[in-house]
Amino acid sequence: MNTIDLIIFAFFTLGVVVFGCSFYKKGNSASDFTAAGRSLPGWVVGMSIFATYVSSISYIGYPGKAFASNWNAFVFSLSIPIASYFAARYFVPFYRNGGSVSAYTFLEEKFGRWARLYASLCYLLTQIARMGSILYLLAVPMHILMGWNLHVVIIATSVAIIIYSMLGGLKAVIWADAIQGIILIGGALLCLGILLFSMPEGPGQAFEMAIHAPEGNKFSFGAFTSDLTTSTFWVCLIYGIFINLQNYGIDQNYVQRYHAAKTDRDARFSALFGGYLFIPVSALFFLIGTALYSYYTAHPGLLPADIAAKPDYVFPYFIVNGLPVGLRGLLIASIFAAGMSTVSTSVTSAATIILTDYYQPLVKNASERRRVFVLRLSSVVVGVVGIVVAIAMLSVESIIDAWWTLSSIFSGGMLGLFLLGVIPRRIGRCAALVGCIAGIAVIAWISLASTLQLPGVHLHEYLAIVLGTTTIFVVGFLLTLLIKK
């Protein structure tokens, strides 16, 4: 990597850490750490929601997926408007009026302590898996660019993120997210422009080659069949609806941002703005992947076979070999912007859950100073566990597939329990517990059927959250009716 590129990258990365640390105040309360004092404008919170969506999984995984196959994974983004609408209309006022910064307090009020612990544990596992995936994808570009050891990059990056998340709290994370979101969009647009205008016959050739690719149309959204064993259009769409409803409805990352906005109107605007902005930007990343396919097809011999066999490495490889000096540093900084914003969000929200759902119920009269200490210590612990998971991810072939599968498994029961809690009919506590157990059994069956060669139909792992959620809701609802009769 050229010295100029390295200076640009180092200036940006250190700048973000220093900027985040600048929010540290000795007298900060736990409320300042977890909800930013309810003082932030809607556009800043919306940019933070957007930046949370656009992680390194989007920046590297989406182009890798489009390069290797097609736009099937983009169908996930098409489900976001549904979730954004429900968030602005129902979820935002529900949480802002509820008072508690934890997304799972009302589950305890509805069904008992077990429900809150179950949902919060699922959330923590999901965030740790997400952090591991993103930290891995942060390390890949630096490994390709500089030859640096992946383990060292993962650890060093994690330490930087933990420092400013731990010191600055949610306000630092949200403001840093807003800045990082603007930078990553600019970097992606510049990269796409260079790719398209590097084609021998101009930008149109990239689209022509992608449409008539020997393996099929690279812009395809997947098969429109009713097959539930593969990643069809409908499987991805249904998966996206359930995941995004869960994100907006019961994900602590988003709930904390609803509380951080100055007014209810700002909070509703942030939910819509952040979600809708992700749709064109995710399309931009898929278009980069498709353009990479056309570029390397038009320039045979430029892409080594070992890189082509690892789709997540293709975009970083192009950044190294296809971009001019200066822009390389900006693109690597953009990738780091995407990853750092999401990891810092996960660290802060996970620390909040550890304090509100595990520590405070056990230590009733903890001082403000003690609560802030627990938040900061939890940030460090969560970050260290994320490092371990990231190192374990090094053997994964497609990070998108790994992350989507893990998120579907770990979060499969949360949304079903949430829906039981918000419907007008009062659901019995025993009925909710039995429904939850049934949902976990369904999720376990879908997740392990192929691995253990169990008899019967092996459904796609993405459907774990769909069928797990449906089972919890249906079983809990029907049992309530039967018990009442």
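The values are calculated or read from the model by the stated rules, or taken from the named source; none is laboratory data. Just so it is clear, the model here is predicted, and its values are computed rather than measured. As a convention, Cβ positions derive from the backbone with ideal geometry for all residues, glycine included, and neighbour counts pool all protein chains shown. Side chains included, ligands, DNA and RNA excluded: accessible areas come from the protein's heavy atoms. Shrake-Rupley method; radii C 1.70, N 1.55, O 1.52, S 1.80 Å.
So the values come out like this:
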item: Dipole magnitude (debye, nearest 20) for the chain, charges at Cβ of Lys, Arg, Asp, Glu; result: 2080
item: Most to least packed among 61-71, 310-320 [average Cβ atoms within 10 Å]; result: 61-71, 310-320
item: Segment Arg38-Ser100, extension gain: residue separation times 0.36 nm, minus the distance between their alpha carbons; result: 21.1 nm
item: Partners for Lys25 among lysines (Cα-Cα distance below 17 Å; same-chain residues under 8 apart left out); result: Lys171
item: Computed lengthening from Phe86 to Ala444, 0.36 nm per intervening residue step minus Cα-Cα distance; result: 126.0 nm
item: Nitroxide proxy distance, nm - points 7 Å out along Cα→Cβ at Asn217 and Glu368; result: 6.1
item: With every protein chain in place, the stretch 147-214: carbon and sulfur % of accessible area (1.4 Å); result: 75
item: Cα-projected label distance for Ala308 with Val422, points at 7 Å along beta-carbon direction, nm; result: 4.7
item: Residues Glu208 and His151, FRET efficiency given R0 of 41 Å [Cβ-Cβ distance, rounded to 0.05]; result: 0.45
item: Signed unit charges on C-beta, dipole axis of the chain, positive-most listed residue Tyr85, His143, Ser120; result: Ser120
item: For the chain: accessible area per residue (Å², 1.4 Å); result: 38
item: Point-to-point label distance, Leu481-Trp114, nm (Cα→Cβ direction, 7 Å offset); result: 2.4
item: Protection proxy ranking, peptides 45-52, 245-252, 342-349, average beta carbon neighbours within 10 Å, highest first; result: 342-349, 45-52, 245-252
item: Residue-averaged [θ]222 nm for the chain, counting only DSSP H segments that reach four residues, each worth -39500 (n - 2.57); result: -24000 deg cm²/dmol
item: Axial C-alpha extent at least 24 Å, average Kyte-Doolittle at least 0.0 - helices from the chain (DSSP); result: 3-21, 113-146, 150-196, 233-250, 264-298, 327-353, 368-392, 429-448, 463-484
item: Per-peptide average of other Cβ atoms within 10 Å, ordering 9-18, 426-435, 298-307 highest first; result: 426-435, 9-18, 298-307
item: Surface/4 estimate of mean projected area, convex hull on alpha-carbon atoms of the stretch 275-320, nm²; result: 3.5
item: Qualifying chymotrypsin sites (Phe, Trp or Tyr not before Pro) in the stretch 165-211, DSSP loop, other Cβ atoms within 10 Å at most 10; result: Phe197
item: Lysines whose Cα lies under 20 Å from that of Lys484, excluding same-chain neighbours fewer than 8 positions away; result: Lys110
item: Full-extension gain in nm, Phe11 to Leu189, via 0.36 nm per residue minus C-alpha separation; result: 62.0 nm
